[in-house]
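What follows is one structure encoded as structure tokens, with my remarks underneath.
The values are calculated or read from the model by the stated rules, or taken from the named source; none is laboratory data. Nothing here was measured: the structure is a model prediction, and the numbers come from that model. With ideal geometry, Cβ positions are generated from the backbone for all residues, glycine too; neighbour counts draw on all protein chains shown.
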Amino acid sequence: MLTFHNPAGFWALLAIPVILAIHFLQRKARELPISTMFLLGALEQESRGGPRWEKLRGSVPLWMQLLMVLLFTWLWVQPHWLERSAVQRVVVVLDGSVSMQAIQKKLLEKLPAELGRLGSLVQTTEYHLLDSLLEQEHLYHGTSLGALKDAVEAWSPRGGSHDFTPALRLARSLADRDGLVVLVTDQPLENVPFATKVFSIGEPLENAGFAGLTVEPKDGQWLWKATLKNYGTKDQSRSWWTVSGSNQSKPQTVTLPAGGAVSLQGLLPAGRTPLVITTDPDAFTPDNSLPVLVPEPKQLAVALPTGNLTPAEIKFYQQLFGSLPNVNIATDAATANVQVMTYDPLNPALPTKPAMVSVRDNREQLPLLSGEILPGSHPFMEGLHWSALSCLDSLRIPLLPSDETLLWQGDRSLIFLRGSGLTQQLCCNFDLRHANAHKLPAFVLLVHRFFESIRRQLPLHEVRNAEWGEKLQLAARTDDQAEPLTLSYDGKKISLPPRQASVLKAPSQSGEFQVRQGALELCRGVAHFADTREGDFTRAGPRNDLVAASQTMTRSLSREDRFWPIIVLLVLLAALASWTFGTREPAMRRA
């Protein structure tokens, strides 16, 4: 197949009418005085009347000059012969951002047409289709443009804003040096690495939708607060309403200024049915609804010390642990998550479960513990002040080399951690009954942080409101008898190994989801869209680098004319012939 790398060279053909016009113009005849008439027959007939148009007469200079124009034109248009048997590689990287949902139908119409035009250059085109999030290596790999279109139609972009570099690096390695890498997005990006061509069909949208959610307790009920944001450049009026099961509220209308937002709020109904806050539909649907559930954090069961506790001690423990959120006092130490106990020198062994241990010294007239109080470097101690702590010099829990001290007073390890994970104990190396620790905010916060670290590691039931793709950071059993995890949403079930519980993410679509491990429901919740960067379409716009890319591909898949040296030689010969015959004087013949 013949192609021309410099089509502008065809302008050289305009020299043909110029040459013809010159040869139509005849020169004025020269006068030759002669003494006899016998030479008149030897003279050729010439123009007698000066420059004027006459009938074109063929001559060697005319044809040589026309030939030179044609040969020069052939050289200037740079003819190349396209190798139809070559295989070209086209790697298409689809922007996996959720904003692409707004143009997905338009993409199905335009992308196959552009790729088909590129594929017409050669007999075989090898396509690779990737998602920029690289959650799976290939959406499609093959030579069928129709199958690629089906893959684009089945593709569901649900990611947030992210860096395209890893996906483009992989695409370039698949395309090799001469292949084509195309980034399909909705923004006219500049300076994209790895010689990537941008194909964007985005356009600015006057989008408005929900941009945030908070749920907080109020007077024994749960109050939801949502932000409805206008991302556009014009004022908009939107209606919103709530749906809970079969109950729907009356729509209310709000006016959103350009680039502004309004705050909405209401009470959450009790029960397992989510409340769905909804606004008017538009081109971008993910932020048009906001499902909400009454949250249920993990409840931590704490067992108090056994034995003969005085009423003062019972009141002390109830005040201390009753002030901590989501902590329940348990009566059975075997089933409790955390055990509160006192150290017994005659039985110094500590439990193998999470525990809070303190000293109980019944001696009378214990001296006041003295020395400078110094906190250790640990996340539990950040921002806590201990200068007001006062306690007595009671008996001590022997310190082990593996223990990590959190608070020193003099040479005494006053508070330390022993063990790790679900065998960790918070040890208070003083008698809580004879100290003011429970009155200090620092001590209460320390106990709260310790309980929170244990709560995060326990496989307990919880209900939460999550954002799309948010890491749930669940805890699950990981022993040899542990059952796999099951993530259920939208009629789908995904089975995962227990060790992936900490990296498990909420679904990237709005609605309810559930995570179970065997008979235990680890988490029940709803996912909602909350990425304000993806809801903003003010920077969207078109760009098509594939037109220029077809010329680049043509160059890489074609070979130049092998006969150009011969053509250059022919041009020189034609120029020599034109000059030779153009300067020769007409010969005189004797009659």
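For the stretch 476-489, enumerate the residues that are within 22 Å of ARG455 (Cβ to Cβ) and either basic (Lys, Arg) or free of Cβ contacts under 8 Å to residues at least 40 places away in the same chain (or both).
Those that are within 22 Å of ARG455 (Cβ to Cβ) and either basic (Lys, Arg) or free of Cβ contacts under 8 Å to residues at least 40 places away in the same chain (or both): ARG477, THR478, ASP479, ALA482, GLU483, LEU485, LEU487.
Which ones in the stretch 343-386 are closer than 27 Å to ILE454 by Cβ and part of a strand (DSSP E or B)? Can you show your working first?
Step one: of the stretch 343-386, the residues closer than 27 Å to ILE454 by Cβ are 343-345, 347-361, 373-386.
Across the stretch 343-386, the qualifying residues are TYR343, ASP344, ASN347, ALA355, MET356, VAL357, SER358, VAL359, ILE373, LEU374, PRO375.
So, of the residues in the stretch 240-262 that are in contact with a Gly (Cβ under 9 Å, 6 or more places away or on another chain) and on the phi < 0 side of the Ramachandran plot, which turns out to be surrounded by the fewest Cβ atoms within 10 Å (Cβ to Cβ)? Spell out the reasoning first.
Filtering the stretch 240-262 for residues in contact with a Gly (Cβ under 9 Å, 6 or more places away or on another chain) gives 242, 244-245, 249, 256, 258-259, 261.
Narrowing the set further to residues that are on the phi < 0 side of the Ramachandran plot leaves 242, 244, 249, 256, 258, 261.
Working: THR242: 22, SER244: 16, SER249: 14, LEU256: 19, ALA258: 12, ALA261: 18.
Among those residues, the one meeting the criterion is ALA258.
Among the residues of the stretch 125-136, count how many are in contact (Cβ under 8 Å) with a residue 24 or more places away in the chain and outside any strand (DSSP E or B).
Residues meeting the conditions: 4.
Take the conditions at pLDDT below 95, touching a Leu at 6+ places or on another chain (Cβ under 9 Å) and within 28 Å of ALA301 (Cα to Cα) and apply them to PRO351. Does it pass?
Spelling it out, it is not the case that PRO351 is at pLDDT below 95, touching a Leu at 6+ places or on another chain (Cβ under 9 Å) and within 28 Å of ALA301 (Cα to Cα).
Could you tell me how many of the residues in the stretch 387-432 are surrounded by 20 or more Cβ atoms within 10 Å (Cβ to Cβ), of a type in the set (A, V, I, L, M) and assigned to a strand (DSSP E or B)?
Result for the stretch 387-432: 5.
Restrict the check to the stretch 106-124 and report whether at least one residue is part of a strand (DSSP E or B) and over 20 Å from ASN544 (Cβ atoms).
yes
Within the stretch 495-505, can you find the residues that are part of a strand (DSSP E or B) and over 14 Å from GLY469 (Cβ atoms)?
Once the filter is applied, which keeps residues that are part of a strand (DSSP E or B) and over 14 Å from GLY469 (Cβ atoms), the stretch 495-505 yields SER495, LEU496.
Hey, among ILE415, ILE397, which residue is within 50 Å of the chain's Cα centre (by Cα) and of a type in the set (A, V, I, L, M)?
ILE415
Can we say LYS492 is among the charged types (D, E, K, R) and either closer than 23 Å to GLU296 by Cβ or modelled with pLDDT of 95 or more (or both)?
On the way: among the charged types (D, E, K, R): yes; either closer than 23 Å to GLU296 by Cβ or modelled with pLDDT of 95 or more (or both): no.
Answer is no for this residue.
Are there any pairs, at least 6 apart or on different chains, whose C-beta atoms fall under 9 Å, with the first in the stretch 271-284 and over 19 Å from ALA226 (Cα atoms) and the second outside any strand (DSSP E or B) and hydrophobic (A, V, I, L, M, F, W, C), and if so, which?
GLY271/VAL294; ARG272/LEU293; ARG272/VAL294; ALA283/ALA102; ALA283/ILE103; ALA283/LEU205; ALA283/PHE537
Could you say which residue among PHE164, PHE199 is touching a helix residue (DSSP H, G or I) at 6+ places or on another chain (Cβ under 6 Å) and either farther than 19 Å from THR279 by Cβ or of a type in the set (D, E, K, R) (or both)?
From the options PHE164, PHE199, the qualifying one is PHE199.
For residues that are more than 13 Å from LEU108 (Cβ to Cβ), in a loop (DSSP other than H, G, I, E, B) and of a type in the set (A, V, I, L, M, F, W, C), tally how many sit in the stretch 152-167.
Here the count works out to 1.
For the stretch 51-74, which positions are assigned to a helix (DSSP H, G or I) and either modelled with pLDDT under 75 or among the aromatic types (Phe, Trp, Tyr) (or both)?
TRP63, PHE72, TRP74
What is the residue count in the stretch 251-280 for residues that are over 25 Å from CYS523 (Cβ atoms) and not acidic (Asp, Glu)?
Within the stretch 251-280, residues that are over 25 Å from CYS523 (Cβ atoms) and not acidic (Asp, Glu) number 16.
Somewhere in the stretch 372-390, is a residue closer than 28 Å to ASN308 by Cβ and either assigned by TED's automatic domain parsing to the domain that holds VAL444 or polar (S, T, N, Q) (or both)?
The answer is yes, given that some residue of the stretch 372-390 is closer than 28 Å to ASN308 by Cβ and either assigned by TED's automatic domain parsing to the domain that holds VAL444 or polar (S, T, N, Q) (or both).
Please determine whether any residue of the stretch 433-448 is touching a Lys or Arg at 6+ places or on another chain (Cβ under 9 Å) and modelled with pLDDT of 90 or more.
no
Report whether or not PRO166 is surrounded by fewer than 18 Cβ atoms within 10 Å (Cβ to Cβ) and assigned by TED's automatic domain parsing to the domain that holds VAL547.
Yes: the conditions hold for PRO166.
Being among the hydroxyl-bearing types (Ser, Thr, Tyr), assigned by TED's automatic domain parsing to the domain that holds VAL444 and under 21 Å from GLU452 (Cα atoms), is that true of even one residue in the stretch 300-312?
Taking every residue of the stretch 300-312 in turn, none turns out to be among the hydroxyl-bearing types (Ser, Thr, Tyr), assigned by TED's automatic domain parsing to the domain that holds VAL444 and under 21 Å from GLU452 (Cα atoms).
Restricting attention to the stretch 335-346, which residues are farther than 17 Å from PRO459 by Cβ, without any contact (Cβ under 8 Å) to a residue 40 or more places away in the chain and out of contact with any Lys or Arg (no Cβ under 9 Å at 6 or more places or on another chain)?
VAL340, MET341, LEU346
For (1) free of Cβ contacts under 8 Å to residues at least 40 places away in the same chain; (2) within 31 Å of the chain's Cα centre (by Cα), each residue gets a yes or a no:
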residue: VAL215; (1), (2): no, yes
residue: GLY220; (1), (2): yes, no
residue: ASN247; (1), (2): yes, no
residue: THR253; (1), (2): yes, no
residue: PRO257; (1), (2): yes, yes
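Which condition number in (1) in a helix (DSSP H, G or I); (2) surrounded by 20 or more Cβ atoms within 10 Å (Cβ to Cβ); (3) not basic (Lys, Arg) is the one that GLY146 fails?
It fails just one condition, (2).
Taking into account only those residues within the stretch 449-475 that are in a helix (DSSP H, G or I) and surrounded by 18 or more Cβ atoms within 10 Å (Cβ to Cβ), which is nearest to the chain's Cα centre (by Cα)?
Top of the filtered list is ARG455.
Can you work out which of the residues in the stretch 269-287 that are part of a loop (DSSP other than H, G, I, E, B) and surrounded by 19 or more Cβ atoms within 10 Å (Cβ to Cβ) is farthest from the chain's Cα centre (by Cα)?
Selected residue: PRO274.
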